[in-house]
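A.B. asks: Okay, handing you the structure first.
The values are calculated or read from the model by the stated rules, or taken from the named source; none is laboratory data. In this text the structure is predicted, and so the values were computed from the model without any measurement. Methodologically, a virtual Cβ is constructed for each residue, glycine included, from the backbone with ideal geometry; neighbour enumeration extends over all protein chains shown. Calculation scope for accessible area: heavy atoms of the full protein, side chains included, ligands and nucleic acids excluded. Shrake-Rupley method; radii C 1.70, N 1.55, O 1.52, S 1.80 Å.
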Amino acid sequence: SSTYEPGSTFKVLNAAIALEEDFTSTDVANDFNCIGYESINDIRINCWASPNSHGPQTLRKVLENSCNPGMMQLANRVGRSTLYRYYGAFGLFSKTDVGLPEEATGIFHASNNISDIDLATLGFGQGITVTPLQLTTAICSIANDGVLMKPKIVKQIVNTDTNIVTNIDSKKIRQVISPETAREIRNIMESVVTDGTGSSGAVRGYSVGGKTGTSE
């Protein structure tokens, strides 16, 4: 319930926003290009693979490779206002009110004060903070066909004296992305595990979706 810089796990949300708003599709050839870095206002921001590069990539490959230049290009294409509108819808600007003590909320630049560098680093989840609980809740909406749910720590309370059971009901908050977009992102996340940086997350006999990240 405390904040941290999410890093590359945040790329999943940015990719979902781009797909939902038709800024790209999952497997468009040469849609993004990584030369090992991206220059923003004469400031060089390296890919984690630098001095190597990932070259031309689809959105799927950008996430499989966890490519920072690809995500910087994506963030620039989508733009500040659209990204922030969806961050709010994903619940990143407010507490989840899950009931944990001293729950914090994410820290973002003011929407009217986002520099080109801020926008670029936002693409790969740096320069902002969220709580693990906020990020988990947002990612779970992708698993839940785009519906954001209120998280809960307690499922039910049993009174051992009276045997009365109090169930804590699930609560839908809002539809953030379409079921179609959610399915596309889940498919990409599965590719991250089968063909990308998340291979260590594979579990035999199960279909696993994931996204690697280096947080601070």
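A.B. asks: Would you please give the FRET efficiency between residue 28 and residue 52, computed as 1/(1 + (r/R0)^6) with r the Cβ-Cβ distance and R0 = 30 Å, to the nearest 0.05?
C.D. replies: Numbers: r = 23 Å, r/R0 = 0.76.
That pair, residue 28 with residue 52, gives E of 0.85.
A.B. asks: When Lys and Arg each count +1 and Asp and Glu each count -1, what net charge do the other residues less than 12 Å away from residue 132, Cβ to Cβ, add up to? Don't skip to the answer; put the middle values down first.
C.D. replies: Numbers: positive: none; negative: 5, 103.
With Lys, Arg at +1 and Asp, Glu at -1, the net is -2.
A.B. asks: Additional query: Tell me, what is the percent relative contact order of the stretch 86-189, built from C-alpha pairs under 8 Å that lie six or more residues apart?
C.D. replies: Values: 125 pairs, mean separation 26.9, N = 104.
Computed value for the stretch 86-189: 26 percent relative contact order.
A.B. asks: For 178, 53, what's the largest-to-smallest order of accessible area, 1.4 Å probe? Spell out each step's value before the answer.
C.D. replies: Details: 178 30, 53 65 Å².
Correct descending sequence by accessible area is 53, 178.
A.B. asks: For a quick check of your reading of the filter: which GluC sites (Glu not before Pro) in the stretch 34-105 sit in a DSSP loop and have no more than 14 other Cβ atoms within 10 Å? Please report the intermediate quantities before stating the final value.
C.D. replies: Working: sites: 38, 64, 102, 103; in loops: 102, 103.
Hits after loop and neighbour filter: 102.
A.B. asks: In nm, give the distance between the simple-model label positions of residue 214 and residue 143, each being 7 Å from the Cα along the Cα-to-Cβ direction.
C.D. replies: With each label point 7 Å from Cα toward Cβ, the separation is 2.6 nm.
A.B. asks: Mind grabbing the accessible area of residue 10 for me, 1.4 Å probe, Å², rounded to tens?
C.D. replies: Estimated to the nearest 10 Å², residue 10 gives 0 Å².
A.B. asks: Next question, about the same structure. Tell me the relative contact order for the chain as a rounded percent, counting alpha carbon contacts under 8 Å between residues six or more apart.
C.D. replies: Working: 410 pairs, mean separation 59.4, N = 216.
Relative contact order, the chain: 28 percent.
A.B. asks: May I ask you to rank 23, 32 by accessible area, largest first, using a 1.4 Å probe over the protein chains only?
C.D. replies: Working: 23 70, 32 5 Å².
These residues rank, largest area first, as 23, 32.
A.B. asks: Shifting gears a bit: If you count only protein heavy atoms with a 1.4 Å probe, what accessible area per residue comes out for the stretch 13-82, rounded to a whole Å²? Can you show the working numbers first?
C.D. replies: Values: 3120 Å² over 70 residues.
Per-residue value: 45 Å².
A.B. asks: Right, another one. Where a Cα-Cα gap under 18 Å defines reach, which aspartates and glutamates qualify for residue 150, not counting those fewer than 8 residues away within the same chain?
C.D. replies: Within the straight-line limit of under 18 Å, residue 150 reaches these aspartates and glutamates: 97, 102, 103, 169.
A.B. asks: Give me the percent of the accessible area of the chain that comes from carbon and sulfur atoms, probe 1.4 Å, all protein chains in place. Before the final figure, lay out each step's value.
C.D. replies: Working: 5290 of 11050 Å².
Carbon-and-sulfur percentage of accessible area, whole number: 48.
A.B. asks: List the trypsin sites (Lys or Arg not before Pro) in the stretch 31-107 that DSSP assigns to loop (not H, G, I, E or B) and whose Cβ has at most 16 other Cβ atoms within 10 Å. Which are they? Walk me through the intermediate numbers first.
C.D. replies: Numbers: sites: 44, 60, 61, 77, 80, 85, 95; in loops: 95.
Passing both the DSSP loop test and the Cβ count: 95.
A.B. asks: Tell me the label-point distance for the pair residue 175, residue 41, using the 7 Å Cα-to-Cβ offset, in nm and rounded to one decimal.
C.D. replies: 3.9
A.B. asks: Using only alpha carbons, build the gyration tensor for the stretch 115-216 and give me the equivalent ellipsoid semi-axes, biggest first, whole Å. Can you show the working numbers first?
C.D. replies: On the way: eigenvalues 195, 77, 46 Å².
Ellipsoid half-lengths, sorted descending, are 31, 20, 15 Å.
A.B. asks: Calculate, axis by axis, the spread of Cα positions in the stretch 1-110 along the three principal axes, and write the results as whole Å, longest axis first.
C.D. replies: That works out to 46, 29, 26 Å along the principal axes.
A.B. asks: Another question, if that's okay. Once the other residues with Cβ under 13 Å from the Cβ of residue 183 are scored (Lys, Arg +1; Asp, Glu -1), what is the net sum?
C.D. replies: Numbers: positive: 186; negative: 20, 145, 180, 184, 190.
Around residue 183, the surrounding residues sum to -4.
A.B. asks: Using only the Cα atoms of the chain, construct the convex hull and provide its projected area averaged over every direction, in square nanometres to one decimal. Mind dumping the intermediate values first?
C.D. replies: Values: hull surface 55.5 nm².
Seen from a random direction, the Cα hull of the chain projects 13.9 nm² on average.
A.B. asks: May I pose another question? Counting only helical runs of four or more DSSP H residues, what would the 222 nm mean residue ellipticity of the chain come to if each run contributes -39,500 (n - 2.57) and the total is spread over all its residues?
C.D. replies: Numbers: 7 runs with 74 residues, N = 216.
It comes out at -10000 deg cm²/dmol, rounded to the nearest 500.
A.B. asks: Please report, in whole Å³, the volume per residue of the convex hull around the C-alpha atoms of the stretch 67-165.
C.D. replies: Details: hull volume 12.1 nm³, N = 99.
It is 123 Å³ per residue.
A.B. asks: In the structure displayed, which of 95/152; 95/171; 11/172; 95/211; 61/211; 11/61 lie more than 21 Å apart, Cα to Cα?
C.D. replies: Details: 95/152 13 Å; 95/171 15 Å; 11/172 24 Å; 95/211 24 Å; 61/211 12 Å; 11/61 12 Å.
Violating the 21 Å limit, Cα to Cα: 11/172; 95/211.
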